[in-house]
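The values are calculated or read from the model by the stated rules, or taken from the named source; none is laboratory data. The structure presented is a predicted model; accordingly, all values stated were derived computationally and were not measured. Using ideal geometry, Cβ is built from the backbone for each residue, glycine included, and neighbour counts are taken over all protein chains shown. Accessible surface areas use protein heavy atoms only, side chains included; no ligands, DNA or RNA. Shrake-Rupley method; radii C 1.70, N 1.55, O 1.52, S 1.80 Å.
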Amino acid sequence: MKKKHLAILLSRLKGFESPKPELEQYRTPGNVAAELLWLAHSLGDVEGKVIADLGAGTGVLSIGAALMGAEKVYAVEKDKRALEIARENARSLGVEDKIEFVNTDVSEFSKRVDTVVMNPPFGSQVKHADRPFLLKAFEVSDVVYSIHLSKPEVRNFIETFVVEAGFGITHRLTLPFEIPAQFWFHKKRLEKIYIDVYRFEKCASKPI
Ligand code: SAH
């Protein structure tokens with residue numbers, strides 16, 4: 001499959017029916033999801049791997065990972081309706097069997113996986129909403145792909161937080177991210193922001 005083809009397939013999936021601002025339900029655009037998954041695939045973090053998608057929403061990243069050859073994907077999401085849409089989306093592309101839909105808060109998820117992929121809440125509605133996601137990701141996996149706002153204060157936070165957790169940043173990709181006006185506080189029809197896609201990896205323990 002080509003990256004462009006993956007982007008188109010993912011962009012055609014059904015999104016949130018009535019996005020909840022307090023949960024920061026922005027779906028990842030197909031092209032951004034495809035870039036993240038392409039990077040992960042090229043580094044050997046997808047094919048044949050067990051993957052968790054934390055805050056899976058309507059399933060864009062989970063389904064993309066399954067299409068790219070993941071052995072199994074846990075789609076972890078606390079909004080039941082979003083997860084139902086994720087299941088319909090997975091069925092429409094024939095990858096429902098590869099995905100386990102886990103309707104729970106990410107803090108309750110405790111399966112060990114090879115790779116985490118996630119687009120967590122950016123923390124613009126509820127401050128620091130991305131922290132529980134990062135902590136959980138670092139607890140269950142040694143390799144984590146995550147999407148964050150591309151802003152100096154967020155970058156500073158990520159750089160410090162990640163190092164304190166014993167991880168390092170191995171890759172960072174800055175991309176435009178288009179958010180359609182879906183919440184009352186959005187003024188423009190299409191809000192274009194920039195995001196950073198990160199790859200974090202656990203640092204090898206230092207020799208004594
Ligand atoms: N990963 C999806 C959705 C991103 S939006 C995509 O890429 O399109 C963030 C998602 O995290 C939302 O679906 C929201 O419902 C979910 N979420 C927010 N807080 C959560 C929590 N504590 N536990 C589980 N899911 C949560």
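Mind checking the stretch 34-141 for GluC sites (Glu not before Pro) that DSSP puts in a loop (not H, G, I, E or B) and that have at most 14 other Cβ atoms within 10 Å? Sites meeting the loop and neighbour criteria: Glu47, Glu71. The spread of Cα positions in the stretch 44-144, taken along each principal axis and listed from longest to shortest, comes to 37, 30, 20 Å. Summing Cβ point charges (Lys, Arg +1; Asp, Glu -1) relative to the Cα centre of the stretch 3-202 gives a dipole of roughly 600 debye. Bridge orientation summary for the chain: considering DSSP beta bridges with both residues in this region, about 55 percent are antiparallel.
Each of Val140, Phe109, Ala129 was placed along the dipole of the chain (beta-carbon charges, centred on the mean Cα), and the one lying farthest toward the positive end is Ala129.
Among Thr174, Thr58, Thr115, the largest mean-square fluctuation in a Gaussian network model of the chain (Cα springs under 10 Å) belongs to Thr174.
Based on alpha carbons, the Rg and Dmax found for the chain are 15.9, 56 Å. Going 7 Å from the Cα of Glu22 in the Cα-to-Cβ direction, what parts of the stretch 119-145 have a backbone nitrogen less than 19 Å from that spot? Within reach of a label on Glu22: 121-133. The Rg/Rh ratio for the stretch 99-180, using Cα coordinates for both the radius of gyration and the Kirkwood hydrodynamic radius, is 0.95.
Share of the chain's accessible area from carbon and sulfur, percent, 1.4 Å?
In the chain, the share of accessible area belonging to carbon and sulfur is 52 percent.
Electrostatic tally near Ala70: other residues with Cβ closer than 13 Å to its Cβ, Lys and Arg +1, Asp and Glu -1, net -4. Among 149-158, 7-16, sorting by the average number of other beta carbon atoms lying within 10 angstrom of each residue, highest first, gives 7-16, 149-158. Estimated purely from DSSP H runs of n ≥ 4, each contributing -39500 (n - 2.57), the mean residue ellipticity at 222 nm for the chain is -9500 deg cm²/dmol once divided by its residues.
Here r is the Cβ-Cβ distance between Lys202 and Asn156 and R0 is 25 Å; the resulting FRET efficiency, rounded to 0.05, is 0.75.
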